[in-house]
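To keep things clear, I will list the structure first and then write my remarks on it.
The values are calculated or read from the model by the stated rules, or taken from the named source; none is laboratory data. Predicted, not measured: the structure shown is a model, and the values here were computed from it. We place every Cβ from the backbone using ideal geometry, glycine too, and count neighbours over all the protein chains shown. For accessibility, only protein heavy atoms count, side chains too; no ligands or nucleic acids. Shrake-Rupley method; radii C 1.70, N 1.55, O 1.52, S 1.80 Å.
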Amino acid sequence: MSDLPLHDDPLAAPAPVADYPYLAGLNQAQREAVEALDGPVLVLAGAGTGKTRVLTTRLAHLLVTRKAFPGQILAVTFTNKAAREMRDRVGDLLGAPMEGWWLGTFHALAARILRRHADLVGLKSNFTILDTDDQIRLIKQLLEAENIDAKRWPARLILGVIERWKDRGLTPDKLKAEDAGDVAGGRMVELYKAYQARLQALNACDFGDLLLHNLTVFQGHADILARYHQQFRYILVDEYQDTNVAQYLWLRLLAQGHRNLCCVGDDDQSIYGWRGAEVGNILRFESDFPGAKVIRLERNYRSTSHILGAASGLIANNRGRLGKTLYTEIDGGEPVTVRSIWDGEEEARWIGDTIEDLQRKKVDLNDIAVLVRASFQMREFEERFITLGLPYRVVGGPRFYERMEIRDAMAYLRVIAQPDDDLAFERIVNTPKRGIGSATLQALHQLARAASIPLTEAVWRLVQTDEIKPKARGALNALMLDFERWREMAARAPHTELAQTVLDESGYTGMWQQDKSPEAPGRLENLKELVAGMEEFESLAGFLEHVSLVMETTDNSVGAQVSLMTLHAAKGLEFAHVFLPGWEEGVFPNQRAMDETGLAGLEEERRLAYVGLTRAKQRAYVSTAANRRIHGQWTSTLPSRFVEELPEPHIVPDSEPGLGRGFEAPTTLWRAPRQTGFMRREAVTLEGVAYESAPRDRPSQPFGRGDRVFHQKFGYGTVQATDNDKLTINFDHSGDKKVMDSFVVPADQAG
């Protein structure tokens with residue numbers, strides 16, 4: 001133990017402040033947050049303001065001032081990594097590891113409590129915590145027992161509804177049949193009850209139950225809750241803006257005792273609404289805990305003033321926020337670069353070239369990150385980085401061609417091109433499920449080895465016998481006939497059309513469409529991006545060879561690498577140089593998020609943009625493309641409203657013309673008015689600013705049906721219909737497209 005004045009008696013008189021050397025390096029607001037130990041406290045910790053330091057120092061201060069023993073402090077984090085970091089840093093401050101902590105994630109702490117009182121919810125203390133696979137299997141059994149069509153109501157969909165209810169602290173007895181609408185034929189609550197009963201019979205619970213059962217115990221047994229009130233003199237919570245309803249209720253119940261609750265968080269960084277987080281929890285803190293002290297950490301130690309100015313101006317457009325103004329004492333810095341580019345391919349080229357330029361200036365690749373809104377955007381950057389030989393890592397997930405759904409799709413294409421590819425065939429023979437079990441696969445392998453033939457040939461021989469069950473025999477025969485038909489198609493149809501047909505007819509696309517997990521939409525987007533990316537190659541064989549070479553040259557080097565990740569995965573990280581591509585309407589803000597939750601979805605998207613900007617320490621680069629291939633279709637895109645919301649004093653347009661296209665840069669940037677609906681636009685002319693490949697001015701004479709026009713990307717076409725500034729055009733080589741009228745010119749003016 002260090003020479004800090006830590007004593008055994010928590011009620012003894014505290015040592016003088018001079019004896020606390022760990023307070024010396026704190027700024028005024030940080031020190032206030034550390035020393036405000038009693039009563040409810042909300043610490044609004046802006047990005048890069050030293051939140052972790054405040055949390056760990058506050059924990060150490062509680063112990064050093066003898067306000068509490070370690071076992072009298074409840075410290076809650078969202079990840080095990082954060083808990084380990086907090087434990088280590090407090091140990092460093094005190095000079096020795098601490099024992100007897102109640103420090104961990106919500107689920108870990110709730111499980112610890114539940115094992116003490118499991119009998120009160122019908123469980124034994126050695127209960128099992130089920131993982132997702134176990135839950136899915138259990139729900140499938142219930143669907144079968146209840147004669148509910150599992151194809152119409154997949155187990156993952158049912159599980160998703162149950163998880164949302166548990167995140168909101170709702171047990172079956174608090175729900176009515178109509179609360180789930182027509183899910184499971186109106187029998188969803190019934191299924192929930194059966195699911196909970198089955199868990200109890202198995203002496204098991206899922207992750208949602210850990211908190212839900214805690215709530216049942218606390219609400220039904222005042223004496224037990226009182227014991228925890230007595231034990232936990234102080235409660236600290238990290239990332240409070242990410243709590244869901246069940247976590248919020250759990251904390252409120254435990255904090256009713258001493259009311260010494262300190263929540264640290266940032267309402268401007270609440271980006272997990274899609275998984276149950278309620279930003280309202282942090283916004284209501286002062287009304288939930290009357291007399292609460294709110295302390296704002298506003299001095300940023302990470303970013304330049306231009307980056308903070310741009311981020312602050314952007315987030316100020318959100319209505320649902322408590323408000324704070326970040327500032328920095330870091331000198332210098334460049335404005336945020338805003339680059340308008342022709343399309344996604346050139347965006348990847350520009351970012352790759354800029355990174356190479358930074359590398360020549362001795363910038364470490366580990367200090368560079370590319371942050372995208374959706375994982376499907378990564379492919380073009382990966383392809384470009386591989387072409388340039390730029391080492392990179394994908395953070396928070398596998399590289400594009402290593403993703404499960406891409407490997408599955410590639411396996412189908414490999415078997416079409418090369419029927420002897422046993423590894424590819426084995427990967428997809430029962431994906432999606434076709435009723436082909438391990439016994440059938442074992443029989444196939446035995447025959448293939450004995451006769452020295454590939455698995456596909458073994459299938460043809462085996463389906464003509466009675467050695468495998470009729471269901472499996474029928475499924476294998478149908479699959480082999482599919483492959484024959486696809487090979488015939490490969491000889492006459494474009495390989496992109498073949499790939500889409502295979503994904504659809506095999507049932508693979510449908511499998512992910514029925515999957516209601518949060519990852520499913522992203523997997524479908526990646527599959528569409530795969531098909532779109534194949535257009536760059538002349539044939540299926542050329543594409544497969546390209547991917548093989550990509551996988552061969554992709555290694556897991558431990559040297560310096562550019563980081564490529566989604567904006568969600570970037571939270572909590574920081575880099576000297578941050579590239580933010582794809583700032584277009586529909587991409588970012590994400591259209592699905594706005595369609596599903598309206599203004600709340602838009603504000604969460606804006607918080608995500610704020611998180612992205614505040615990852616940058618020295619330079620931030622925002623780019624927007626005039627055309628982008630989304631889900632395999634070329635679309636004329638408009639700059640994101642977030643581009644407009646970046647304050648002009650803190651941005652600099654990077655409008656160097658050319659990029660190999662030779663287009664004249666127009667002087668009009670299309671922007672979204674703040675008071676109008678999500679998709680309306682108005683033109684704003686910026687004096688002296690050239691936004692490369694942005695739309696031209698509106699035509700003086702409106703286009704009409706039958707007019708011949710020219711589009712830089714799609715070529716010549718004929719107007720089929722008009723809708724204000726939107727045109728439906730039948731292009732000579734790419735069919736019907738919807739475009740803005742400012743993106744086309746009369747055919748006789750082309751060139």
Scanning region 239-251 for residues that are touching a helix residue (DSSP H, G or I) at 6+ places or on another chain (Cβ under 7 Å) and part of a helix (DSSP H, G or I), the one most open to solvent (accessible area, probe 1.4 Å) turns out to be L249
The number of residues in region 556-589 that are part of a strand (DSSP E or B), touching a helix residue (DSSP H, G or I) at 6+ places or on another chain (Cβ under 6 Å) and either closer than 20 Å to A316 by Cα or charged (D, E, K, R) (or both) is 1
Conditions (1) open to solvent by 70 Å² or more (accessible area, probe 1.4 Å); (2) not in a loop (DSSP other than H, G, I, E, B) -> L143 fails only (1)
Here the residues within region 87-117 that are buried (at least 19 other Cβ atoms within 10 Å of the Cβ) and within 30 Å of S517 (Cβ to Cβ) are G104, F106, L109, A110, A111, I113, L114
For region 512-534, pairs from a residue that is of a type in the set (V, I, T) to a residue that is open to solvent by 10 Å² or more (accessible area, probe 1.4 Å) and in a helix (DSSP H, G or I), with Cβ under 7 Å and 6 or more apart or across chains, are V531/T496; V531/Q500
Apart from one, (1) among the acidic types (D, E); (2) surrounded by fewer than 16 Cβ atoms within 10 Å (Cβ to Cβ); (3) over 22 Å from E529 (Cα atoms) all hold for E402; the odd one out is (3)
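Do you know which of the residues in region 590-606 that are open to solvent by less than 60 Å² (accessible area, probe 1.4 Å) and without any contact (Cβ under 8 Å) to a residue 60 or more places away in the chain is nearest to I315 (Cα to Cα)?
It comes out as E605.
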From the option list V459, V415, single residue qualifying as surrounded by 14 or more Cβ atoms within 10 Å (Cβ to Cβ) and modelled with pLDDT under 90 is V459
Over region 425-457, the set of residues acidic (D, E) and more than 19 Å from V502 (Cβ to Cβ) is E457
All-but-one check, P5 against (1) in contact with a helix residue (DSSP H, G or I) (Cβ under 6 Å, 6 or more places away or on another chain); (2) at pLDDT below 85; (3) part of a helix (DSSP H, G or I), failing number (3)
Of those in region 361-373 that are over 11 Å from P581 (Cβ atoms) and either of a type outside the set (A, V, I, L, M) or within 13 Å of the chain's Cα centre (by Cα) (or both), the residue most open to solvent (accessible area, probe 1.4 Å) is K362
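Each row is one residue, and each column tells you yes or no for (1) farther than 30 Å from W274 by Cβ; (2) surrounded by fewer than 19 Cβ atoms within 10 Å (Cβ to Cβ); (3) touching a strand residue (DSSP E or B) at 6+ places or on another chain (Cβ under 6 Å).
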| position | (1), (2), (3) |
| --- | --- |
| A493 | yes, yes, no |
| L527 | no, no, no |
| F537 | yes, yes, no |
| V547 | yes, no, no |
Note on region 155-169: residues open to solvent by less than 20 Å² (accessible area, probe 1.4 Å) and not basic (K, R) are A155, I158, L159, G160, V161, I162, W165, G169
Filtering region 740-751 down to residues that are farther than 9 Å from H711 by Cα, open to solvent by less than 30 Å² (accessible area, probe 1.4 Å) and not in a helix (DSSP H, G or I) yields M740
| Residue match in region 324-337 (condition: at pLDDT 95 or above and under 14 Å from F579 (Cβ atoms)) | yes
Exactly one of D88, D119 is outside any loop (DSSP other than H, G, I, E, B) and either closer than 28 Å to D266 by Cα or aliphatic (A, V, I, L, M) (or both), and that one is D88
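Which residue out of L210, L175, L202 is within 22 Å of Q256 (Cβ to Cβ) and either out of contact with any strand residue (DSSP E or B) (no Cβ under 6 Å at 6 or more places or on another chain) or not acidic (D, E) (or both)? Full working, then the answer.
Details: L175 fails: within 22 Å of Q256 (Cβ to Cβ); L202 fails: within 22 Å of Q256 (Cβ to Cβ).
On inspection, the qualifying residue turns out to be L210.
Are any of the residues in region 55-68 small (G, A, S) and open to solvent by 20 Å² or more (accessible area, probe 1.4 Å)?
no
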Region 271-316: helices (runs of 4 or more DSSP H) wholly inside it with 1 or more residues that are among the hydrophobic types (A, V, I, L, M, F, W, C) and under 26 Å from the mean Cα position of the chain (by Cα) are 280-283, 305-315
The residue that is most open to solvent (accessible area, probe 1.4 Å), considering only those in region 607-637 that are at pLDDT below 90 and not in a strand (DSSP E or B), is H631
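Take the conditions surrounded by fewer than 17 Cβ atoms within 10 Å (Cβ to Cβ), among the polar types (S, T, N, Q), within 35 Å of the chain's Cα centre (by Cα) and in a helix (DSSP H, G or I) and apply them to Q500. Does it pass?
On the way: surrounded by fewer than 17 Cβ atoms within 10 Å (Cβ to Cβ): no; among the polar types (S, T, N, Q): yes; within 35 Å of the chain's Cα centre (by Cα): yes; in a helix (DSSP H, G or I): yes.
When the stated conditions are applied, Q500 does not pass them.
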The one condition K193 fails out of (1) over 30 Å from A255 (Cα atoms); (2) open to solvent by less than 70 Å² (accessible area, probe 1.4 Å); (3) not hydroxyl-bearing (S, T, Y) is (2)
Only unsatisfied item for L170, checking (1) modelled with pLDDT under 90; (2) aliphatic (A, V, I, L, M); (3) part of a loop (DSSP other than H, G, I, E, B); (4) within 19 Å of G208 (Cβ to Cβ), is (1)
Note on region 468-491: residues closer than 17 Å to E457 by Cβ and open to solvent by 80 Å² or more (accessible area, probe 1.4 Å) are L481, E484
Per the filter on region 699-733, residues small (G, A, S) and either outside any strand (DSSP E or B) or surrounded by 18 or more Cβ atoms within 10 Å (Cβ to Cβ) (or both) are S700, G704, G706, G717
Here the residues within region 503-525 that are acidic (D, E), in a helix (DSSP H, G or I) and open to solvent by 50 Å² or more (accessible area, probe 1.4 Å) are D504, E505
Those residues of region 67-85 which are of a type outside the set (G, A, S) and either on the phi > 0 side of the Ramachandran plot or within 26 Å of the chain's Cα centre (by Cα) (or both) amount to V76, T77, F78, T79, N80, K81, R84, E85
* in a helix (DSSP H, G or I), among the small types (G, A, S), open to solvent by less than 40 Å² (accessible area, probe 1.4 Å) and farther than 23 Å from G276 by Cβ - does that describe any residue in region 173-190? -> yes
